[in-house]
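> Dropping the structure in here first, questions after.
The values are calculated or read from the model by the stated rules, or taken from the named source; none is laboratory data. Remember, it's a predicted structure, so these values are computed and weren't measured experimentally. Quick reminder, even Gly has a Cβ in these numbers, built from the backbone with ideal geometry, and neighbours come from all protein chains shown. To get the accessible areas, we keep the full protein, side chains included, count just its heavy atoms, and leave off ligands, DNA and RNA. Shrake-Rupley method; radii C 1.70, N 1.55, O 1.52, S 1.80 Å.
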Amino acid sequence: MVTRRRAIAGSLTILGALLSAAVLAAPARAASEYNLPYGVTPISHAVYRLHMLAFWMMCGIGVIVFGLIFYSVIFHRRSRHPVPAKFHENTVFEIVWTILPFFILVILAVPAARLLLRMENLRHSQLTVRITGYQWLWRYTYPRYGINVYSRLSNSSLAAVQYGRHLSPYAVPHYLRSVTHPMVVPTGEKIRLLVTGGDVIHAWWVPAFGLQIDGNPGLINAMWIKVLKPGVYRGACNQICGWGHGYMPIVVVAKPPKQFLAWVHHWRATHQGPGQGDFPPHPLGL
Amino acid sequence: MSSEALAHDHAAEHAPPRGLMRWITTTNHKDIGTMYLVLSLIMFFVGGAMAMVIRAQLFRPDMQLVTPLFFNQMATMHGLIMIFGAVMPAFVGLANWMIPMMIGAPDMALPRLNNWSFWILPFAFTLLLITLFLPGGGPQGGWTMYVPFNLQLGYGFPFMIFAIHLMGISSVMGAINIIATILNMRAPGMTLMKMPLFVWAWLITAYLLIAVMPVLAGGVTMQLLDRYFGTHFFSVAGGGSPILWEHVFWFFGHPEVYIMILPAFGIISEIIPTFSRKPIFGYRSMVYALASIAFLSFIVWGHHMFVVGMPVAADLFFMFSTMLIAVPTGIKIFNWVATMWKGSLTFETPMLFAVAFIVLFTIGGFSGVMLALVPADFQYNNSYFVVAHFHYVLVTGAVFAIMAAVYYWLPKWTGHMYNEFWGKTHFWLSAIAANVLYFPMHFLGLAGMPRRIPDYPLQFANLNMVVSIGGFVFGLSQLIFVAVIFSCVRAGKKAEARAWEGARGLEWTLPSPAPYHSFSTPPEIA
Ligand code: HEM
Ligand SMILES: [Cu+2]
Ligand SMILES: [Cu+2]
């Protein structure tokens, strides 16, 4: 009788452990709906690996700690274990569970510190883009080319967020993740981003690049990216900046260097004179 | 005259006035504790109603229930109300009720101060809540109140600042009282190292409060000066910096999160031994762990600011110091598990909440360690991953501990046992709903959903709907909590002095309900 109950309880524990492992593992297998994107920059790849390392280590510790708790909950309940033990200290154990976590943390801290130093190494960049956040749009400036791009929520998304709209968000491609003019960058080059805020604090976050940076008014933050694959990458402002905060997406189009230069020439030909620097009147009529 | 008769006369002399005046003029630690707890429960529902608005607006991507402006007010007020209105007053209420009884004292050391520190709070929350009806609306910049955006608020701005001043004054007064009580009023023979861990936790928490509430008060005063008196603390143009605010705020803010969890640690350290029928494992290391967490909490604030643009050396320092906190936190968790180990466990409602606390708080600790890794935080920061983290530590952590404490001590407070069936129902609904509510937030954050937005791209739609459903169930389940408390106050099985057979500690030597004045003569300490 007792052994059968024991067996049932034991298999329940194992089932529980498996189930929780499956739940926890789901984000690892499924694509970007549940996990960090692997991204398209060397940094984002490294960040992803660090994240997964930390994730699996936490899962491992979780299995041990939760396993002990559930074991105790099942086998040390009064119906099975009527007479409580009396111990209330054990020096060896206490030392072990003080020292051991320390070493586990070192395993995480070392790669994290190395990656951080790599991220902060801004030397030898080939292009600089200045990014300024405003309530509620972005400005991208390319000092080398004298280009100035204002980038706000696209008209289709804008139509779909209005009260009394005629357009459903479900009908808008890339609802809340599309803009009037994207930021354009060349692939394969180390690009230095200088980020600041024009009025209040904003944050420039593109998950596929593995990073975000605050744009603080009056101060400049620097970061770098190197996009390995041509494509369209989307993100959004990530620091609350007023009621339009949810409506200032970021779109970056990465093109091979030749096509990037073609875009530069085309932009300069079509956006001449002082007009290109005009601050667009604010369109959010919510 | 026998000492018993003396005590009786004494009690009669001090019989409380009846009606409203009893509550306004009371200096009794139990009355004041009750008022704190009731206020906290009301604020829990006010803040909860705001959370329901938030989750309703986020139910689908095309909801237009509230304007973005109102949404931001809800998100901000929800945070402020839950932290300053629900969690902190609940712990102070528990301290008021339990500390004198646990250390064998008749009352708190400074009863009039006690009355004041409570009665300031209703005014503070009135000031805070009426901002919603003022031109320009209430606070909208998040509970973190980052400048310069916070300086753009409408007429609500000074109201918010003064509300925070009042809450700060109340907290500091409460903390002074708690320290004075613990250090001066212990029964003879109760040395510091014999104090219950709840009392230890509160002693340390009270020092944290005194250390950081004035920092917040100073910081918001600087905002006030910047806005109305032409100073430039936070504007670069005038020689200041908006980053200064973030440092000031988080120097307060990180110890603040430990202010909200150390008393919870204390509660769990009382409940686990009771229902395991075994003394707490590693009492000394529990005390040292509390103290080192409190110390470390002063040197980790920068982990909230990794993307702000600090020097690399600062990033590294804050990363290492933050990871270090996991060590004493781990010690506490292992000690609780070791207390349960080979005990004789039963699972009344307080124990259910306590065990859930250990498991779910640990999950919050895991995401905390992940957030401490600077490069990874460049992704996680300000995403729903952070929202998941702090709700695991604050709701399934601090709030579950408060609920455990309420169920645990209700028999002592009211003299009745609560209804165990409904208590357990409340527990299971809350525990399941909280996980449906908060666990998917991890995924949303990793997938790239920023926090504090009123609408989102379609790829986040499914999980948000799940989260909202979990939220509604969690919110509704709390009505059971109120019903259980009410019915327990009015009637129920008579509670014995030692309501739980495994309970040790002085509070269980007093009759249930506890007499108006706790220990008129100091008890004997074994
Ligand atoms: C192992 C222990 C813990 C670690 C390592 C840890 C680490 C962190 C980190 C690094 C952040 C910043 C994330 C970001 O903004 O990018 C954070 C945020 C937060 N943590 Fe923890 N944490 C721990 C425990 C706790 C506890 C015990 C509480 C409260 C009871 C708490 C409450 C919060 C809150 C409220 C925030 C968000 C603040 C905000 O931005 O509004 N954490 N935590
Ligand atoms: Cu923003
Ligand atoms: Cu913190």
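> If you restrict to DSSP beta bridges whose two residues both lie in the protein assembly as shown, what percentage is antiparallel, to the nearest 5?
On the way: 31 of 44 bridges.
Here the antiparallel bridges make up roughly 70 percent for the protein assembly as shown.
> Can you pull the semi-axes for region B:24-509, root of five times each eigenvalue of the Cα gyration tensor, sorted largest first, whole Å?
Working: eigenvalues 236, 129, 111 Å².
Working from the Cα gyration tensor, I get semi-axes of 34, 25, 24 Å.
> Scanning chain B for helices, which whole DSSP H stretches are 27 Å or more long along the axis (Cα) and average 0.0 or more by Kyte-Doolittle? If you can, show how the numbers build up before the last one.
On the way: long enough: B:29-57 (42 Å, 1.16); B:111-130 (30 Å, 1.01); B:156-184 (42 Å, 1.64); B:197-228 (46 Å, 1.45); B:312-340 (43 Å, 1.42); B:349-372 (34 Å, 2.02); B:420-446 (39 Å, 0.67); B:461-490 (45 Å, 1.69).
Within chain B the helices that satisfy the rule are B:29-57, B:111-130, B:156-184, B:197-228, B:312-340, B:349-372, B:420-446, B:461-490.
> So which lysines can A:K190 reach, going by Cα to Cα under 25 Å and dropping same-chain residues fewer than 8 places off?
A:K226, A:K229, A:K255, A:K258
> Let me ask you something else. Students often forget the sequence filter, so: which aspartates and glutamates lie under 14 Å Cα-Cα from B:K493 once same-chain residues fewer than 8 apart are removed?
List returned: B:E420.
> On the accessible surface of the protein assembly as shown, probed at 1.4 Å, how many percent belong to carbon and sulfur atoms? Kindly include the intermediate steps, with their values, before the conclusion.
Values: 21210 of 30650 Å².
Carbon with sulfur: 69 percent of the solvent-accessible area.
> Please compute, for peptide A:79-87, the average count of beta-carbon atoms on other protein chains lying within 10 Å of each residue's beta-carbon.
Numbers: counts 3, 2, 5, 2, 4, 12, 7, 3, 7.
That average works out to 5.
> Going through the cross-link list B:K30/B:K412; B:K194/B:K342; B:K342/B:K412; B:K424/B:K494, which pairs have a Cα-Cα distance over 22 Å in this structure?
Pairs exceeding 22 Å: B:K194/B:K342; B:K342/B:K412.
> Helix-only estimate, please: 222 nm mean residue ellipticity of the protein assembly as shown, summing -39500 (n - 2.57) across DSSP H runs of length 4 or more and dividing by its residues, to the nearest 500. Could the numbers behind the result be given before it?
Working: 23 runs with 457 residues, N = 812.
My calculation for the protein assembly as shown gives -19500 deg cm²/dmol from helical runs alone.
> Moving on. Express in nm, to one decimal, how much length is gained between B:V489 and B:T25 on full extension, taking 0.36 nm for each residue of separation and deducting their alpha carbon distance.
Values: separation 464, 0.36 × 464 = 167.04 nm, distance 2.24 nm.
Extending this stretch completely gives an extra 164.8 nm.
> Still on this structure, I have one more. How much of A:R49 can a 1.4 Å solvent probe reach, expressed as accessible area in Å² and rounded to 10?
Approximately 140 Å² for this residue.
> On to the next question. In a shell of Cβ-Cβ distance under 15 Å around A:V161, excluding A:V161 itself, what net charge do Lys and Arg (+1) and Asp and Glu (-1) give?
In short, +2.
> Tell me, what ³J(HN,Hα) does each residue in region A:170-179 have, in order and in whole Hz, if you take phi through Karplus 6.51 cos²θ - 1.76 cosθ + 1.60 with θ = phi - 60° and put x for Gly and Pro?
Going residue by residue, I get 5, 9, 9, x, 6, 3, 6, 10, 10, 10 Hz, with x marking Gly and Pro.
> Of B:I178, B:F472, B:W245, whose Cα points farthest to the positive end of the dipole of region B:24-509 (charges on the beta-carbon: +1 Lys, Arg; -1 Asp, Glu; origin at the Cα centre)?
Highest projection toward the positive end goes to B:I178.
> Based on the alpha-carbon gyration tensor of region A:80-208 and its eigenvalue square roots a ≥ b ≥ c, which shape applies: rounded if a/c is under 1.5, prolate if not and a/b is larger than b/c, or oblate? Could you put the intermediate results ahead of the total?
Values: a/c = 3.96, a/b = 1.77, b/c = 2.23.
Oblate.
> Just the number, please: buried accessible area between B and A, total of both chains, 1.4 angstrom probe, nearest 100 square angstrom.
The contact between A and B buries close to 7900 Å².
> Could you name the aspartates and glutamates whose alpha carbon sits less than 14 Å from that of B:K278, not counting residues in the same chain fewer than 8 places away?
A:E89, B:E270, B:E501
> I would also like to ask the following. Which sequence of B:V359, A:V110, B:V436, B:V467 reflects their accessible areas, 1.4 Å probe, from the largest down?
A:V110, B:V436, B:V359, B:V467
> For B:Y228, what accessible surface area do you get with a 1.4 Å probe? Give it in Å², rounded to 10.
110 Å²
> Which FRET efficiency value, to the nearest 0.05, do you get for A:Q259 and B:V38 by plugging their Cβ-Cβ distance into 1/(1 + (r/R0)^6) with R0 = 56 Å?
0.25
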